Amino acid sequence: MKLGFMTAAGLAATLMLAGCGNKDGIEGKTGADITAKSSANDIGEAYINEMTRIADALETVNDEASAKAAAKKLSVAIEGLNKMQDELDGEISGIKGMQIFGNRFAELAEVQGRVAASIVRIQSEHPELMDTLGEELDKLDN
């Protein structure tokens with residue numbers, strides 16, 4: 001029994017390490033992977049992955065150095081989101097939106113909540129850092 005547990009733990013660790021280093025820690029599709037012919041599932045995955053990059057970066061901000069590092073990460077994620085929007089002609093119909101996010105609604109709400117909570121935290125605890133971050137966040141197409 002103990003050997004089985006150790007084998008399973010080793011296999012799990014190996015699988016986790018195999019995923020390390022992919023696209024700044026993001027597994028799966030990113031905005032750079034999306035084209036006009038991408039499936040709704042791929043678009044949803046890429047959008048949530050890019051938003052996760054943004055949330056992860058914002059959650060690290062506590063001082064000027066971490067804000068500058070986060071701004072670099074934000075730049076990559078926002079570039080991916082903007083590329084997606086350009087590839088999709090900036091318009092997703094209601095039906096297409098339901099196909100993309102319908103089964104990912106909980107993930108979408110969770111990551112958007114993380115982004116919003118981080119921005120509120122930074123604005124209240126470190127308002128001076130919003131200038132560094134704001135430049136990148138302003139690049140996000142509406």
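No lab work stands behind these numbers, since they all come straight from the coordinates. This one's a predicted model, so the numbers in the text were calculated from it and none came from an experiment. Quick reminder, even Gly has a Cβ in these numbers, built from the backbone with ideal geometry, and neighbours come from all protein chains shown.
What to note about this one:
- The share of Cα pairs per 10 Å bin across the range 22-137, counted from zero up to the longest distance, runs 14, 43, 30, 11, 0 percent.
- Extension gain, Gln99 to Asn82, is 4.1 nm, computed as 0.36 nm per intervening residue step minus the present C-alpha separation.
- Size of electric dipole in the range 22-137: Cβ of Lys, Arg +1 and of Asp, Glu -1, about Cα centre, debye, nearest 20: 300
- Counting neighbouring beta carbons within 10 Å and listing from fewest to most, the residues Ser39, Ser66, Ser118, Ser124 come out as Ser124, Ser39, Ser66, Ser118.
- Stretching the chain fully between Ala32 and Glu135 yields a gain of 35.0 nm (0.36 nm per residue, less the alpha carbon separation).
- Nitroxide proxy distance, nm - points 7 Å out along Cα→Cβ at Ala65 and Ser39: 4.4
- Modelled this way, with points 7 Å down the Cα-to-C-beta line, the labels at Glu107 and Glu125 are 2.8 nm from one another.
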